[in-house]
Amino acid sequence: MALEEQVLTWEEAIAYQQNSINTYQARIRDLPANSNENQLQERLDLQQNIGQSQERIKE
């Protein structure tokens, strides 16, 4: 694979991060409201992933 094929445009990179955020948000919505400890940790991890993706978009 040529190097040119591996490089994303800014628009593609932002779209990728936005898709990740949407996926994380959907997974959070799917967690039960009365979550157990593991689900609470998963919710926290997903929220951190959203924050990281948002930071990457800003870069």
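Quick note: the coordinates plus some simple rules give every number you see, no bench work behind them. Keep in mind that this is a model prediction, so the values were computed, not measured. Neighbour counts run over all protein chains shown; Cβ positions are idealised from the backbone, glycine included.
Could I have the simple spin-label model distance between Ala15 and Gln47, label points 7 Å from Cα toward Cβ, reported in nm to one decimal?
It works out to 3.1 nm between the two label points.
Could you grab the relative contact order for the stretch 10-58? Cα pairs under 8 Å, six or more apart, rounded to a whole percent.
On the way: 26 pairs, mean separation 28.1, N = 49.
It rounds to 57 percent for the stretch 10-58.
Only Lys, Arg, Asp and Glu count, each charged at its Cβ (+1, +1, -1, -1), so figure out the dipole size of the chain about its Cα centre, rounded to 20 debye.
Numbers: 5 positive and 10 negative charges, 63 e Å.
For this selection, approximately 300 debye.
Specify which labelled value, from [x] 14.2, 48; [y] 12.6, 41; [z] 14.8, 49, agrees with Rg and Dmax of the Cα atoms in Å derived from the coordinates of the model shown.
From the options [x] 14.2, 48; [y] 12.6, 41; [z] 14.8, 49, the structure gives [z].
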